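Report on one structure; see the data block that follows.
All of the numbers you see were taken from the coordinates with simple rules; none came from a lab. Everything numeric here is computed off the predicted structure, so don't read it as measured data. Neighbour counts are summed over all protein chains in view; Cβ atoms, including those assigned to glycine, are modelled from backbone coordinates with ideal geometry.
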Amino acid sequence: MPRFGLCCMFKEQPIKFRTTTATSIGKMDRLKALEKIDNLCMQNAESLMLALQFCNQNDIGCFRVNSQILPIKTHPEYGYEVKDLPNGNEIVNQFIKCGEFAKQNDIRTCFHPDQFVVLNSPKENVVKASIRELEYQAEVSEWINADVINIHGGGVYGNKTEALKDFIQNFKSLSQSVKDRLTIENDDKSYTPEDLLPVCHKINIPLVYDVHHHRCNKDIYSLREATEKAKETWNREPLFHISSPIDGWQGRKPQRHHDFIDLKDFPEYWNVSNLTIEIEAKAKELAVLQIREELSNNIA
DNA sequence: AGCGGTCAAGTTGAT
DNA sequence: ATCAACTTGACCGCT
């Protein structure tokens, strides 16, 4: 069986990650603001441990960490360094404990920076902010032993080839810590596996193959071919994504995610070991447990 | 305590 | 032109 991954949050389990808004933080004096952020970070570090323990108890081998695990960490005005928080050392220690727990129990962790991280934007400040965000997530990755920070190709700006050249150029300015973890994922509108595989080979980063996106945004490769080619880009256990369309493939918005994974959407050749599959489904842990149950019934 | 408006950020494509 | 979609509703300030 593959290793299944849970994304960021829980549907039923009472495990919550907290955040705040820049507006609210901006209204406070700096001391009060840092106190509040300190609180949220500590609670999130504790929640992460609970999340990992839940995964361990339920044989969920991978957990994706929310980008806001340290809220507004890279905000241009209200951002901060963890060492400047009142309990910064304890917060780091709690994350390191999470990393030790994950390692001991073979739980893989990863990040998926959100849509604002665009490495190939023509706007210099967008690239700068993206790099700041990647460096922050790499810092936490080191504490918790996360081995993947996964982003999309970014914008097209009228010319895919040129846009991907910019991606490669800007990749070079990243720290080694980010480079070692950065992966690129095919998306549902712009970049297909066919577009991205040459980038993977050129700068030696893995392809996170999203089969749902590939079904929305097709190229010359069959799903099986893309699976094989994506696997070849990995120097460690490959990591893929799956989801099912909210109203079926004939529905109005097939790119929207369903609560659960439809067994029919699961490629049978993905039911193998040495593969991580993140389950992108709105029912979260329930969806992970369900697809695993269905797959084991299917074999029996 | 409950409720509704708001939330840092980019890009694309549907309406 | 506006808005939803993207890993996801949660937070905050008002009553």
What number comes out for the charge environment of A:ILE220, summing +1 per Lys or Arg and -1 per Asp or Glu over other residues with Cβ under 12 Å away?
-> -2
How many nm is it between the label spots at A:SER175 and A:LYS202, if each spot is 7 Å from the Cα in line with the beta carbon?
-> 2.6 nm
Taking the alpha-carbon centre of each part, the distance from the stretch A:218-234 to the stretch A:255-300 in Å is 19 Å
Mean Cα-pair separation over length for chain A, i.e. relative contact order, pairs under 8 Å, 6 or more apart, % = 18 percent
Could you tell me which of rounded, prolate or oblate describes the stretch A:199-279, using a ≥ b ≥ c as the square roots of the eigenvalues of the alpha-carbon gyration tensor, with rounded for a/c under 1.5 and, failing that, prolate when a/b is larger than b/c and oblate otherwise?
-> prolate
Could you list log10 I(q)/I(0) for chain A at q = 0.09, 0.12 Å⁻¹, which the Debye formula gives when each Cα is one point scatterer?
-> -0.45, -0.81
Identify, among A:PRO76, A:CYS55, A:ASN87, the residue whose Cα sits farthest towards the positive end of the charge dipole of the stretch A:12-159, taking +1 on the Cβ of Lys and Arg and -1 on the Cβ of Asp and Glu, with the dipole about the Cα centre.
-> A:PRO76
Length added when fully stretched, A:ASN159-A:GLN53, from 0.36 nm per residue minus Cα-Cα = 33.6 nm
Provide the net charge surrounding A:SER244, with neighbours chosen by a C-beta distance below 11 Å and charges set as Lys +1, Arg +1, Asp -1, Glu -1.
-> -1
Rounded to the nearest 20 Debye, what is the dipole magnitude of the stretch A:1-88 about its Cα centre when Lys and Arg each give +1 and Asp and Glu each give -1 at the C-beta?
-> 180 debye
Is the stretch A:117-240 best put as rounded, prolate or oblate by its Cα gyration tensor, with a ≥ b ≥ c the root eigenvalues, rounded for a/c under 1.5, and otherwise prolate when a/b is larger than b/c, oblate when not?
-> oblate
For the pair A:LYS253 and A:GLU12, what calculated FRET efficiency results from E = 1/(1 + (r/R0)^6), where r is the Cβ-Cβ distance and R0 = 30 Å, to the nearest 0.05?
-> 0.70
GluC sites (Glu not before Pro) restricted to DSSP loop in the stretch A:28-81 with at most 15 other C-beta within 10 Å = A:GLU77, A:GLU81
If the cut-off is 29 Å between C-alpha atoms, which lysines fall inside it for A:LYS202, apart from same-chain ones fewer than 8 positions away?
-> A:LYS123, A:LYS128, A:LYS160, A:LYS165, A:LYS172, A:LYS179, A:LYS189, A:LYS218, A:LYS229, A:LYS231
Measure off 7 Å from each Cα along the Cα-to-Cβ vector at A:ILE246 and A:GLN43, then give the distance between these two points in nanometres to one decimal.
-> 2.8 nm
With a ≥ b ≥ c from the Cα gyration tensor eigenvalues, square-rooted, and the rule rounded for a/c under 1.5, otherwise prolate when a/b > b/c and oblate otherwise, the stretch A:67-134 is oblate
Size of the dipole of the stretch A:72-214 about the Cα centre, Lys and Arg at +1 and Asp and Glu at -1 on the beta carbon, nothing else charged, in debye to 20?
-> 260 debye
Hey, if you drop one equal point scatterer on each alpha-carbon of the stretch A:1-108 and run the Debye formula without solvent, what base-10 log of I(q)/I(0) do you get at q = 0.17, 0.20, 0.21 Å⁻¹?
-> -0.80, -1.01, -1.07
Extension length gain for A:GLU268 and A:ASN105 (0.36 nm per residue less Cα distance), in nm, is 56.0 nm
